[in-house]
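Asks: Below: one structure in structure tokens.
The values are calculated or read from the model by the stated rules, or taken from the named source; none is laboratory data. Since the structure is predicted, the reported quantities are computational estimates derived from the model, not experimental observations. Backbone-built Cβ (ideal geometry, glycine too); neighbour counts: all protein chains shown.
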Number of protein chains: 2
Amino acid sequence: MKCIKCGTPAFTKLLTSNTPLCRKHYIEYIEKKVRYAIKKHKMFSYDDKIAVAYSGGKDSTVLLHVLYKIEQHYPKSELFAIIVDEGISGYRDQALRIALKNVKQLGIPYKIVSFKDLFTYTLDEIVLEVKQTPKKLTACTYCGVFRRRAIDIGAKSLGATKVATGHNLDDEVQTFLLNLVRGDIKRIGRLSPAYSGMDVFIPRVKPLRYVSEREIVLYALAKNLEFHSDPCPYSSSSTRNEVREFINKTEIRIPSVRENLLAAFDIISPLLRKNSSDVTIKRCKKCGAPTSSDLCQVCKLLETIPKMRNFNIVKKMTSSK
Amino acid sequence: MKCIKCGTPAFTKLLTSNTPLCRKHYIEYIEKKVRYAIKKHKMFSYDDKIAVAYSGGKDSTVLLHVLYKIEQHYPKSELFAIIVDEGISGYRDQALRIALKNVKQLGIPYKIVSFKDLFTYTLDEIVLEVKQTPKKLTACTYCGVFRRRAIDIGAKSLGATKVATGHNLDDEVQTFLLNLVRGDIKRIGRLSPAYSGMDVFIPRVKPLRYVSEREIVLYALAKNLEFHSDPCPYSSSSTRNEVREFINKTEIRIPSVRENLLAAFDIISPLLRKNSSDVTIKRCKKCGAPTSSDLCQVCKLLETIPKMRNFNIVKKMTSSK
């Protein structure tokens, strides 16, 4: 199998078009996709201070490396990494080591934001605490919402004007299907590729939204990138897993299933946004974060943790500035 | 477990609300859902001549019985059954026997329309013929499109003003997801609960769209209805099966998954319809049927069957009037 561009031995074959590409042209192909996403959705302006939400996993490692390369062409822009330490013993420490190796290799400034510093307790401690409450929300519920805020606070403290996250094509279409099966139509209207939205102060962008999970792993392989790939000890079976399995199964008959779903989402989401009457973004009564209801997700969740009920996140937000 | 309405022993428990109901109240509940669908989507007018597309299977058997009951209250309306004989040996003959038993039991006028009469060949003969062609379309492709036309011609010949089909909640949401994974956004905009649309002359309605497959089987059981339940010999694994499996799996975590998807479809479909620029319905150049392109689906498919290329469906359409 020879690369369609240069005739050298192929490194891989693209799933949707069956095109064979060598390593060099595969890397080019992926980086072109990222530049396409940035341009199409006007994700950045030439002088943005971009904070990459960096975990050390495959998605954000690829994002960091690709943005680093692209950013070279914009002398007035800045790039740095926000690394969140949720406090998951035996898991995050290892990921942190790899994350630090990558930022140092590229010479990218970074900041580590930890749950312990920000919320007084590690995720492990929060999980232990809520085990005894009647609601018993999962670790992922707390982690997702608190990490989002941690990234926001960290990015703000460094003066970031954009936060770039590693959400890939699979994440995007899984979330779309998840919201459909949950009947959460409003959320489909609220999600967008360049999203300023709810619960965050700094606009978020997803430059990897056209790159599938498989393509990301292949890119990391092609560039010999080191990333953390152990599964999180808190991850458990979920509806998202069923959605993932369904898409992977469907791919056998319909190789472009992910692209089809994203195209559908990109038509449907703006129509829902336009049609929606509740676009007013309020301010959280407790912490002032943009939110769709009286309390933001963070402050709502804090109320479910007995020893954090009176915790004031505002102090942390201002003190870390 | 006691019926929540009358305290007699429960016949079943509703999936989405866990409500126990006795046989009588379960029957009432299902019939109420059908009346709700009819009213909400203005499916019928008081003097409609309703042709039920009747196969003898669970869905159309339940539809026939429920519509028969409802129709009693509308003296100016008429109800009859169109039974299609596709010519699938060892399968359809048995279904036909059960279908005739049901229409005769209710005293409902009926008409049998056969592929042999209408298209010169049975489905079995068509399948044999196309096996030797390079395209090798499946039996289901021909059967679906030709049966749709057969129902239309049969209904027209009896002067019907509406065709009612047995599509249930599962069918509706499966089709929605199928069109999403295929990226066929236009079709999502075209499908509607009371649909006059493409490729048919007589408006079609789906009174069972809020009733799930399971609820339909239970209703047939509750009323002791006889229906044909053998699987079609041509049915094979398909993307629709994967969609079905996914929904059934998701139901364990989200019992209202079907209702959620239908609600999403009912918001999204009209928005797409409103937004679409290609709403012009053309006429098929060969047979005059309403269509979105130059040729209708029937005439397009006829061209893929060597010995039917010059077949003229128009003659059949007018002669059976």
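Asks: Filter region A:167-185 for residues that are touching a Leu at 6+ places or on another chain (Cβ under 8 Å) and among the aliphatic types (A, V, I, L, M); which is farthest from the other protein chains (Cβ to nearest Cβ)?
Replies: Of everything passing the filter in region A:167-185, A:LEU169 is farthest from the other protein chains (Cβ to nearest Cβ).
Asks: Among the residues of region A:209-252, which ones are aromatic (Phe, Trp, Tyr) and within 14 Å of another protein chain (Cβ to nearest Cβ)?
Replies: Across region A:209-252, the qualifying residue is only A:PHE246.
Asks: In the set A:LEU208, A:LEU261, which member is buried (at least 21 other Cβ atoms within 10 Å of the Cβ) and within 30 Å of B:SER237 (Cα to Cα)?
Replies: It is A:LEU261.
Asks: Determine, yes or no, whether B:GLY7 is under 25 Å from B:ARG147 (Cα atoms) and either free of Cβ contacts under 8 Å to residues at least 60 places away in the same chain or surrounded by 15 or more Cβ atoms within 10 Å (Cβ to Cβ) (or both).
Replies: no
Asks: Now for a different question. Would you be able to tell me the number of residues in region A:253-268 that are within 17 Å of B:ILE188 (Cβ to Cβ) and more than 8 Å from chain B (Cβ to nearest Cβ)?
Replies: Residues meeting the conditions: 3.
Asks: If you go through region A:23-56, how many residues are basic (Lys, Arg), touching a helix residue (DSSP H, G or I) at 6+ places or on another chain (Cβ under 9 Å) and not in a helix (DSSP H, G or I)?
Replies: Residues meeting the conditions: 1.
Asks: Hand me the list of helices (runs of 4 or more DSSP H) wholly inside region B:202-321 holding 1 or more residues that are within 30 Å of B:ARG23 (Cβ to Cβ) and touching a Leu at 6+ places or on another chain (Cβ under 6 Å).
Replies: Hits in region B:202-321: B:257-275.
Asks: Looking at (1) surrounded by fewer than 19 Cβ atoms within 10 Å (Cβ to Cβ); (2) facing another protein chain (nearest Cβ under 9 Å); (3) closer than 26 Å to A:GLY56 by Cα, find the lone condition where A:LEU271 falls short.
Replies: Exception for A:LEU271: condition (3).
Asks: Looking only at region B:243-256, decide whether some residue is surrounded by 13 or more Cβ atoms within 10 Å (Cβ to Cβ), without any contact (Cβ under 8 Å) to a residue 12 or more places away in the chain, over 30 Å from B:LEU96 (Cβ atoms) and hydroxyl-bearing (Ser, Thr, Tyr).
Replies: Taking every residue of region B:243-256 in turn, at least one turns out to be surrounded by 13 or more Cβ atoms within 10 Å (Cβ to Cβ), without any contact (Cβ under 8 Å) to a residue 12 or more places away in the chain, over 30 Å from B:LEU96 (Cβ atoms) and hydroxyl-bearing (Ser, Thr, Tyr).
Asks: Filter region A:144-163 down to residues that are in contact with a Phe, Trp or Tyr (Cβ under 7 Å, 6 or more places away or on another chain), of a type in the set (A, V, I, L, M, F, W, C) and surrounded by 22 or more Cβ atoms within 10 Å (Cβ to Cβ) and give me whichever is nearest to A:LEU67 (Cα to Cα).
Replies: A:ALA150
Asks: Another question about this same structure. For region B:274-294, enumerate the residues that are aliphatic (A, V, I, L, M) and at pLDDT 85 or above.
Replies: To start, the set of residues in region B:274-294 that are aliphatic (A, V, I, L, M) comprises B:279, B:281, B:289.
Listed by number, the list holds a single entry, B:ALA289.
Asks: Looking at A:SER60, A:SER89, A:SER114, which is the one that is among the polar types (S, T, N, Q) and either buried (at least 19 other Cβ atoms within 10 Å of the Cβ) or touching a Cys at 6+ places or on another chain (Cβ under 8 Å) (or both)? Walk me through how you get there before you give the answer.
Replies: Working: A:SER89 fails: either buried (at least 19 other Cβ atoms within 10 Å of the Cβ) or touching a Cys at 6+ places or on another chain (Cβ under 8 Å) (or both); A:SER114 fails: either buried (at least 19 other Cβ atoms within 10 Å of the Cβ) or touching a Cys at 6+ places or on another chain (Cβ under 8 Å) (or both).
Sole residue among the options that is among the polar types (S, T, N, Q) and either buried (at least 19 other Cβ atoms within 10 Å of the Cβ) or touching a Cys at 6+ places or on another chain (Cβ under 8 Å) (or both): A:SER60.
Asks: Can you tell me which condition B:LEU128 does not meet? The list is (1) crowded, with 22+ Cβ neighbours inside 10 Å; (2) free of Cβ contacts under 8 Å to residues at least 40 places away in the same chain, and all the others hold.
Replies: Single failed check for B:LEU128: (1).
Asks: To continue, here is another question. If you take just the helices (runs of 4 or more DSSP H) that sit entirely in region B:90-178, which of them hold at least 2 residues that are of a type in the set (Phe, Trp, Tyr)?
Replies: B:115-119, B:139-157
Asks: Can you tell which of A:SER256, A:SER292 is within 28 Å of A:LEU137 (Cβ to Cβ) and not charged (D, E, K, R)?
Replies: Working: A:SER256 fails: within 28 Å of A:LEU137 (Cβ to Cβ).
Sole residue among the options that is within 28 Å of A:LEU137 (Cβ to Cβ) and not charged (D, E, K, R): A:SER292.
Asks: Here's something else I'd like to know. Any residue that is closer than 15 Å to A:LYS223 by Cα and either touching a Gly at 6+ places or on another chain (Cβ under 7 Å) or among the polar types (S, T, N, Q) (or both) - is there at least one of those in region A:15-38?
Replies: no
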